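The values are calculated or read from the model by the stated rules, or taken from the named source; none is laboratory data. Computed from a prediction, not measured in an experiment: that's the story for all the values here. Every residue, glycine among them, receives a Cβ derived from its backbone with ideal geometry; neighbour counts consider all protein chains shown.
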Amino acid sequence: MRAITVLPGIANSARLDDVPEPPLSDGAILVRTRALGVCATDREILMGAYGTAPSGQGRLVLGHESLGTVETAPADCEVAPGDLVVGIVRRPDPQPCPACAVGEWDMCRNGRYVERGIKERNGYGAERFRIEPDFAVKIDPALGILGVLTEPASVVAKAWDHIERIGARARGWGPRRLLVTGAGPIGLLAALLGVQRGLETHVLDHNESGPKPALVRALGATYHTDAADLKALQPNILIECTGAPAVIRDILGHTAPAGITCLAGVTSPGHVLDLDIGLFNRTMVLDNDTVFGTVNANHRHFELAAEALARADKTWLAGLITRRVPVERWQEALQHRPGDIKVVIDFAA
Ligand SMILES: [Zn+2]
C-alpha cells in the first residue's frame with residue numbers, strides 16, 4: 001500500500017512509498033484512511049528537525065491528524081465496520097509514569113511516551129492503518145471529512161479543560177471575555193470552543209486579508225489586527241496560539257484580575273526581549289493571575305473535541321480546510337501558501 005514515509009533527521013527525505021500492510025501488532029482495528037491533516041510538526045519532521053523512526057526501522061510513516069473508515073473491528077469493541085474514526089496520537093510510556101498510569105499521557109512526566117507519526121511509532125499517512133480499540137475515537141458521520149479536524153481540536157479541548165479546572169480554584173469564577181492570539185487552526189478552534197461556552201470572543205491575528213477575518217466574524221467574534229487594541233480588552237481568559245515571542249511579551253499580565261493565560265504555541269529558544277518582571281510579577285500576585293502551558297491531549301480530550309465539532313456549524317468548519325490535495329500530490333500539501341489554514345491530504349480522492 002502507499003504511505004508517506006520519511007527518514008527522520010534527514011531533510012527532504014520524504015517520499016510516497018510502497019510499504020507492507022499495517023501489522024496486527026499496531027492494533028485490532030483496521031482502518032481505511034480517508035484524510036490526513038498536515039501541521040507545523042509534520043513540516044519540522046520533513047525538514048529533518050524532529051521525529052524518530054520505530055526501533056529497527058529506518059523510515060517513519062508520517063502523519064498524526066487522521067480520519068478513516070473502519071474496515072474490520074473485533075465484535076466487542078465500540079466501533080464497527082463503516083464507522084468514521086480518528087486515532088489518538090500519543091501512547092503512554094512502557095513503564096508508565098504516574099500520569100501515564102492514569103491515562104493522562106498528555107501530562108507524561110518522563111518523556112518516554114511514543115507518538116504515531118512523530119516518535120517511534122508509524123503514523124496514519126498510509127492507505128490503511130491499524131489501531132488499538134482504546135485509541136480509536138468514533139466521529140459523528142455527519143462531519144464527514146471535517147472529522148480530520150479532531151486531532152487539532154483535541155489539543156484545544158485539553159486547553160479548555162485545564163482552563164476550567166484552574167478557574168474552578170475560586171468559587172464564583174464566571175469568565176465573560178476571551179482573547180485568542182493567532183487565527184491558525186488551533187486559534188480558530190479555540191475561539192469556536194469559547195463561543196460554544198457563551199463567551200464574548202476576540203481574536204488577534206496579523207492577517208488583514210484571506211479567509212481568517214470572515215471566519216472569526218462568522219463565529220460572532222471580533223477580529224483584531226492591532227495588538228494596541230488589546231490593552232483595554234482585559235479578557236478573563238487568554239489563549240496564546242501564535243508562539244510569537246513579541247506577542248507573548250505583549251500579552252503577559254494583560255488579563256482581567258484572576259485572569260488565566262494559556263500558552264499553546266511552541267517557540268524556539270533564543271529570543272531575548274525586554275519584559276518588566278517587577279510589573280509582571282506584581283500584577284500576577286495582586287490579581288491572582290495564572291499563566292500555564294499545555295500540549296497534546298488524552299482520550300477524554302479527543303472525545304470532547306469530537307463532541308465540540310459535532311455541535312459546530314459544518315459550513316464554518318469547512319472554511320478551516322482551505323486546501324484538499326490528492327495523495328499523489330502530497331508534496332503540495334506540505335508547502336505553505338498564502339491563505340492556508342488547514343491543508344488536508346485526501347486519500348479517498
Ligand atoms: Zn509517562
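Mind checking whether some residue in the stretch 224-240 is of a type outside the set (A, V, I, L, M), modelled with pLDDT under 95 and closer than 23 Å to Gly174 by Cα?
Checking the stretch 224-240: at least one residue is of a type outside the set (A, V, I, L, M), modelled with pLDDT under 95 and closer than 23 Å to Gly174 by Cα.
Only one residue in Arg109, Arg121 is closer than 23 Å to Asp42 by Cα and among the charged types (D, E, K, R). Which one?
On the way: Arg109 fails: closer than 23 Å to Asp42 by Cα.
Being closer than 23 Å to Asp42 by Cα and among the charged types (D, E, K, R) holds for just one of Arg109, Arg121, which is Arg121.
Which ones in the stretch 167-197 are surrounded by fewer than 16 Cβ atoms within 10 Å (Cβ to Cβ) and more than 30 Å from Ile345 (Cα to Cα)?
Selection gives Ala168, Arg169, Ala170, Arg171, Gly172, Trp173, Gly174, Arg176, Arg197.
Considering only residues that are part of a loop (DSSP other than H, G, I, E, B) and among the hydrophobic types (A, V, I, L, M, F, W, C), which ones fall in the stretch 212-254? Show your work before the answer.
Here is the first cut: in the stretch 212-254, the residues part of a loop (DSSP other than H, G, I, E, B) are 219-221, 225-226, 231-236, 241-244, 252-254.
Leu219, Ala221, Ala232, Leu233, Cys241, Ala244, Leu252, listed by residue number.
Specify which of the listed residues (Asp83, Asp93, Asp76) is within 16 Å of the ligand (Cβ to nearest atom) and within 25 Å of Leu304 (Cα to Cα).
The unique qualifying residue is Asp93.
Of the residues Ala228, Ala218, which is touching a Phe, Trp or Tyr at 6+ places or on another chain (Cβ under 7 Å) and surrounded by fewer than 17 Cβ atoms within 10 Å (Cβ to Cβ)? Talk me through it step by step, then tell me what you get.
Values: Ala228 fails: touching a Phe, Trp or Tyr at 6+ places or on another chain (Cβ under 7 Å).
The match here is Ala218.
So, Val85, is that one assigned to a loop (DSSP other than H, G, I, E, B), more than 16 Å from the chain's Cα centre (by Cα) and either among the hydrophobic types (A, V, I, L, M, F, W, C) or closer than 25 Å to Arg329 by Cα (or both) or not? Write out each step before concluding.
Details: assigned to a loop (DSSP other than H, G, I, E, B): no; more than 16 Å from the chain's Cα centre (by Cα): yes; either among the hydrophobic types (A, V, I, L, M, F, W, C) or closer than 25 Å to Arg329 by Cα (or both): yes.
So Val85 fails the test.
I'm trying to understand the selection: among the residues of the stretch 103-138, which are more than 23 Å from Gly63 (Cβ to Cβ) and either near the ligand (Cβ under 10 Å from one of its atoms) or in contact with a strand residue (DSSP E or B) (Cβ under 9 Å, 6 or more places away or on another chain) (or both)?
Listed by number, the residues that qualify are Glu104, Met107, Arg109, Asn110.
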